[in-house]
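Below is one structure, written out as structure tokens; comments come after it.
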Amino acid sequence: MSATRFSESVSGSIRDGVLVITIDNAPVNATSAHVRQGLVKAVDHAVAVGTVIGVVVTGAGRTFVGGADIKEFGMPPVEPTLPEVMSRIENCRKPVVAAINGAALGGGCEIALACHGRIAAEAASIGMPEVKLGIVPGAGGTQRLPRLTGTIAAIDLIGSGRTVKPEEALRLGLVDGIATDQMSTAIALARGMASGPLRRTGGIQIATPDASAVDAAAKKVLAKARGQAAPAEAVRLVRAASETSLEDGLADERATFLRLRDSLEAAALRHVFFAERQAGKVSKLEGIAPRMVETVGIVGTGLMGAGIAVAALTAGYRVVGIEQSEDAAAKGRERISGILDKAVQSGRLSDLARTACLDRLQVAADAGRLAAADLVVEAVFDDLTVKTELFQRLDGIVRPGAILATNTSYLNPDEIASATAHAERVVGLHFFSPANVMRLVEVVDCRATAPDVLASALAFAKKLGKLPIVSGVTEGFIGNRIFSAYRREAEFMIEDGAAPDQVDAALETYGFPMGIFNVYDMAGLEIAWARRKRQAATRDPNARYVEIADRLCEAGRFGRKTGKGWYDYSSSEKAVDPAVSVLIEAARTAKGIVPRTFTSGEIVERLLRAMADEGKSLLEEGIAARSSDIDLVMINGYGFPAHKGGPMFVADTYA
Ligand code: T1G
């Protein structure tokens, strides 16, 4: 089979009278200009060659087509546009079948939709994640998908951006078959279509959907949109598909896509997309191989330790959990299996996988079992003596090449490392609770950490499906140091005249799921109080210090756990507590502060600036490697709305 080259990334060869077109545009077969040009030439070639009775389109490697080339957004358009490619495929007079060999996302899914038939490999995944980039599909997705799946499923898929596996795709009518040899099956399908009329997706009439079901599907999508524009536009376009002509629907979709593509929200989400792919890259680790890790030791199986254990188990590791007593070990095992049970109940984990996880789990009181561990994470009480003594004990138990990782939030891991026999094997792995759910892990590069130990910690975090961000050693690392600065600024404004619920409302309107005082009450005020007391002796006497939170703690108001904090939780919902207002007014009076009013805009602007200023210091001190890492920490660990891009992105955008 001689191959014909249609562009630098598109070639074709004829098999059983069918032109098999392969898109080969590493790394994800994105529909760059040369892919679009090659596809049009290949389809024209198929039509021109009389012996060709059909066409199959597929991708090279493990991706079908990962979508439009996001890197081309904002660049001058190059013909043909993706909608033009779709139209050429759909209106081809010979059958075109998609052999979906891997991820068919965004424009990739739209290519499949424009084809006359679709066969998926077991490894295929199909979806329209455009809303996650702040845009809507721009090449027919909102108009063609509902013609195959119906309006309700299309609203769900396009509005949420979720990806489906072949079985669900088949059930939805998104593919015509699933095959282990999807190429042969696709060729056979194309040959079978050669004689009859072609089923053009754009020509399918959408059955009138049940209005209440459509409203329910739309409501579900919009409930998660939290202030983003794209999901609502996606829902509008899909609904319109059953009420307007294909031509008008496509024109509306394209105009909407172009408008959103150039929006700040889309720029922010593209920033986050590329930031996540830069985050794990550490230049000094080029060529450094991570150590082999198969068995993970976890000391402490409380909430944090159990979460880490579940993350490691579901990633395929063997786990040895250690507790101080057999009774505590039994409780720890119960906690871990309880989390696994919940994952099974929610459909996130199969029964089989749960059993396999439990088969790979040991929880005991005998620390000697850690001799089998390649990496040990401690998740014990955040006290320097406790952690240091533990690591000193582990020095005598674990094997020479084993890695010791501390999960400390605020202690100095250099101090822990320097107290052990092999400081070079100590690294920080700061998980965020619940560790089996939160993506963010701060990987702390301690002064003595060996490069291959840091590489091992990054590889471990990635295998857990986490988003690892490297941090240098500073109190609170990246996230908590910025959170402290953000909290200080918020308390300054409270002392100057703002109310906690006003600050929280401003943040929630901006896009945070919860305001800072609500978060504070959830986490517990006593944690920051303990740290402030620890720092009191060395605090700069000239630096402004707000005592309101101290007064709350002295009154035993630690937050939700005590029923009172910045708010009153005695009723079901959090409520403004007049006692807190009295306490705030007393603090102002004690400093002679005449309270002033604040607008929501000023509150948000000051808090964002406080975060960005602290982020700038972290960059100057070399604690954070790049500003986009800081954005990822605040988005994934502290609720900063991703569609705003993060505090550094906002500061750069409005600079
Ligand atoms: N465009 C450009 N570059 C992309 C890209 C894309 N669509 N997708 C990935 N990359 C780069 C990425 O930055 C990284 O670069 C490398 O490829 C590997 O990525 C018209 C308008 C396909 C599941 O949103 O979900 O279609 O760091 O690490 O883990 O309606 O990439 O190597 O320099 O993620 O194997 C819609 C986005 C676009 C899918 C593969 N599509 N991509 O995962 O690799 S908008 C998406 C992914 C659209 C149409 C609209 C994943 C993947 P570098 P990776 P992976």
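So for segment 528-540 (the condition being at pLDDT below 95, farther than 23 Å from Y638 by Cβ and either in contact with a Leu (Cβ under 6 Å, 6 or more places away or on another chain) or in a loop (DSSP other than H, G, I, E, B) (or both)), does at least one residue qualify? Spell out how you get there, then give the answer.
Looking only at segment 528-540, we keep the residues that are at pLDDT below 95, and these are 528-540.
Subsequent filtering for residues that are farther than 23 Å from Y638 by Cβ retains 533, 536-540.
Now drop any that are not either in contact with a Leu (Cβ under 6 Å, 6 or more places away or on another chain) or in a loop (DSSP other than H, G, I, E, B) (or both), which leaves 539-540.
Within segment 528-540 (the criterion being at pLDDT below 95, farther than 23 Å from Y638 by Cβ and either in contact with a Leu (Cβ under 6 Å, 6 or more places away or on another chain) or in a loop (DSSP other than H, G, I, E, B) (or both)), the answer is yes, since at least one residue qualifies.
Among the residues of segment 11-35, those that are within 16 Å of the ligand (Cβ to nearest atom) and crowded, with 24+ Cβ neighbours inside 10 Å comprise I23, N29, T31, V35. Of all the residues in segment 494-522, those that are touching a helix residue (DSSP H, G or I) at 6+ places or on another chain (Cβ under 8 Å), farther than 14 Å from R596 by Cα and not in a helix (DSSP H, G or I) number 3.
Here the condition is being outside any strand (DSSP E or B) and crowded, with 16+ Cβ neighbours inside 10 Å; of L404, L340, L429, it holds for L340 alone.
Is it true that G138 is more than 22 Å from the chain's Cα centre (by Cα), buried (at least 24 other Cβ atoms within 10 Å of the Cβ), closer than 20 Å to S263 by Cα and not acidic (D, E)? Yes, satisfied. Of the residues A642, A612, A624, the single one that is buried (at least 22 other Cβ atoms within 10 Å of the Cβ) and without any contact (Cβ under 8 Å) to a residue 40 or more places away in the chain is A612.
Within segment 377-384, identify whether any single residue is in a strand (DSSP E or B), surrounded by 17 or more Cβ atoms within 10 Å (Cβ to Cβ), β-branched (V, I, T) and assigned by TED's automatic domain parsing to the domain that holds E323, and answer yes or no.
As a first pass, look at segment 377-384 and keep what is in a strand (DSSP E or B): 377-378.
Imposing the further condition that a residue be surrounded by 17 or more Cβ atoms within 10 Å (Cβ to Cβ) reduces the set to 377-378.
Filter once more, keeping what is β-branched (V, I, T): 377.
Adding the requirement that they be assigned by TED's automatic domain parsing to the domain that holds E323 leaves 377.
Within segment 377-384, one or more residues are in a strand (DSSP E or B), surrounded by 17 or more Cβ atoms within 10 Å (Cβ to Cβ), β-branched (V, I, T) and assigned by TED's automatic domain parsing to the domain that holds E323.
Each row is one residue, and each column tells you yes or no for (1) within 12 Å of the ligand (Cβ to nearest atom); (2) assigned by TED's automatic domain parsing to the domain that holds S160.
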residue: R236; (1), (2): no, yes
residue: A240; (1), (2): no, yes
residue: R254; (1), (2): yes, yes
residue: V272; (1), (2): yes, no
residue: R277; (1), (2): yes, no
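Do we have any residue at all in segment 314-327 that's closer than 30 Å to P451 by Cβ, crowded, with 16+ Cβ neighbours inside 10 Å, hydroxyl-bearing (S, T, Y) and at pLDDT 95 or above? Scanning segment 314-327, I find at least one residue that is closer than 30 Å to P451 by Cβ, crowded, with 16+ Cβ neighbours inside 10 Å, hydroxyl-bearing (S, T, Y) and at pLDDT 95 or above, so the answer is yes. Evaluate the following for T31: is it part of a loop (DSSP other than H, G, I, E, B), of a type in the set (V, I, T), within 26 Å of I158 (Cβ to Cβ) and touching a Gly at 6+ places or on another chain (Cβ under 8 Å)? So T31 fits the description; yes. Take L349 and tell me if it is on the phi < 0 side of the Ramachandran plot and assigned to a strand (DSSP E or B). Against the criterion (on the phi < 0 side of the Ramachandran plot and assigned to a strand (DSSP E or B)), L349 does not qualify.
Would segment 558-566 turn up any residue that is assigned to a helix (DSSP H, G or I), in contact (Cβ under 8 Å) with a residue 12 or more places away in the chain, surrounded by 18 or more Cβ atoms within 10 Å (Cβ to Cβ) and not assigned by TED's automatic domain parsing to the domain that holds S433? Give the derivation first.
First pass over segment 558-566, keeping only residues assigned to a helix (DSSP H, G or I): 560-562.
Filter once more, keeping what is in contact (Cβ under 8 Å) with a residue 12 or more places away in the chain: 560-561.
Filter again for surrounded by 18 or more Cβ atoms within 10 Å (Cβ to Cβ), leaving none.
Checking segment 558-566: not a single residue is assigned to a helix (DSSP H, G or I), in contact (Cβ under 8 Å) with a residue 12 or more places away in the chain, surrounded by 18 or more Cβ atoms within 10 Å (Cβ to Cβ) and not assigned by TED's automatic domain parsing to the domain that holds S433.
May I ask you to list the residues in segment 115-128 that are in contact with a Leu (Cβ under 8 Å, 6 or more places away or on another chain), farther than 17 Å from I155 by Cα and assigned to a loop (DSSP other than H, G, I, E, B)?
Selection gives H116 alone.
Look through segment 75-108, keep the residues that are assigned to a loop (DSSP other than H, G, I, E, B) and farther than 17 Å from H34 by Cα, and return whichever of them is nearest to the ligand (Cβ to nearest atom).
Filtering segment 75-108 for residues assigned to a loop (DSSP other than H, G, I, E, B) gives 75-81, 91-95, 101-102, 106.
The next check asks that each one be farther than 17 Å from H34 by Cα; those that pass are 91-95, 101-102, 106.
On the way: N91: 19, C92: 20, R93: 25, K94: 24, P95: 23, N101: 13, G102: 8, G106: 2 Å.
Step by step, filter segment 75-108, then rank; the result is G106.
In the set (1) of a type in the set (G, A, S); (2) in a helix (DSSP H, G or I); (3) more than 15 Å from the ligand (Cβ to nearest atom); (4) crowded, with 21+ Cβ neighbours inside 10 Å, the condition left unmet by A112 is number (3).
Yes/no per residue for (1) over 22 Å from L39 (Cα atoms); (2) touching a residue at least 60 places away in the same chain (Cβ under 8 Å); (3) surrounded by fewer than 24 Cβ atoms within 10 Å (Cβ to Cβ); (4) near the ligand (Cβ under 10 Å from one of its atoms):
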{"site": "A121", "(1), (2), (3), (4)": "no, yes, yes, no"}
{"site": "K132", "(1), (2), (3), (4)": "yes, yes, yes, yes"}
{"site": "Q143", "(1), (2), (3), (4)": "no, yes, no, no"}
{"site": "L148", "(1), (2), (3), (4)": "yes, no, yes, no"}
{"site": "A154", "(1), (2), (3), (4)": "yes, yes, no, no"}
{"site": "I158", "(1), (2), (3), (4)": "yes, yes, no, yes"}
{"site": "R162", "(1), (2), (3), (4)": "yes, no, yes, no"}
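Taken as a whole, the condition of being in contact with a Cys (Cβ under 9 Å, 6 or more places away or on another chain), among the small types (G, A, S), touching a residue at least 60 places away in the same chain (Cβ under 8 Å) and assigned by TED's automatic domain parsing to the domain that holds L246 does not apply to A68.
Of the numbered criteria (1) in contact with a Gly (Cβ under 7 Å, 6 or more places away or on another chain); (2) more than 10 Å from the ligand (Cβ to nearest atom); (3) not small (G, A, S), the one M128 fails is (2).
What are the residues in segment 381-397 that are of a type outside the set (G, A, S) and either modelled with pLDDT under 95 or more than 11 Å from I322 (Cβ to Cβ) (or both), if any?
Start the filter on segment 381-397 by keeping residues that are of a type outside the set (G, A, S), which leaves 381-395, 397.
Within segment 381-397, F381, D382, D383, L384, T385, V386, K387, T388, E389, F391, Q392, D395 qualify.
Might you let me know whether segment 49-60 holds any residue that is within 16 Å of the ligand (Cβ to nearest atom), hydroxyl-bearing (S, T, Y) and more than 15 Å from V96 (Cα to Cα)? There is no residue in segment 49-60 that is within 16 Å of the ligand (Cβ to nearest atom), hydroxyl-bearing (S, T, Y) and more than 15 Å from V96 (Cα to Cα). Of all residues in segment 407-419, those satisfying the criterion of being more than 31 Å from the chain's Cα centre (by Cα) and surrounded by fewer than 22 Cβ atoms within 10 Å (Cβ to Cβ) are E415, S418, A419.
Just checking, does segment 288-296 include any residue being more than 16 Å from the ligand (Cβ to nearest atom), part of a strand (DSSP E or B), within 30 Å of A365 (Cα to Cα) and not assigned by TED's automatic domain parsing to the domain that holds M514?
Our first condition is that a residue be more than 16 Å from the ligand (Cβ to nearest atom); within segment 288-296, this holds for 288-296.
Keeping just the survivors that are part of a strand (DSSP E or B) gives 295-296.
With within 30 Å of A365 (Cα to Cα) added as a condition, the list becomes 295-296.
If we keep only those that are not assigned by TED's automatic domain parsing to the domain that holds M514 as well, we get 295-296.
For segment 288-296, residues more than 16 Å from the ligand (Cβ to nearest atom), part of a strand (DSSP E or B), within 30 Å of A365 (Cα to Cα) and not assigned by TED's automatic domain parsing to the domain that holds M514: present.
All of (1) of a type outside the set (F, W, Y); (2) over 17 Å from S87 (Cβ atoms); (3) under 37 Å from the mean Cα position of the chain (by Cα) hold for Q37 with one exception: (2). Condition check for P451 on (1) at pLDDT below 95; (2) closer than 21 Å to A289 by Cβ: one failure, at (1).
Being part of a strand (DSSP E or B), touching a Ser or Thr at 6+ places or on another chain (Cβ under 9 Å) and not small (G, A, S) is a condition met by at least one residue of segment 352-365.
The values are calculated or read from the model by the stated rules, or taken from the named source; none is laboratory data. These figures come from a predicted structure and were not determined experimentally. Glycine also receives a Cβ, built like all others from the backbone with ideal geometry; neighbour counts cover every protein chain displayed.
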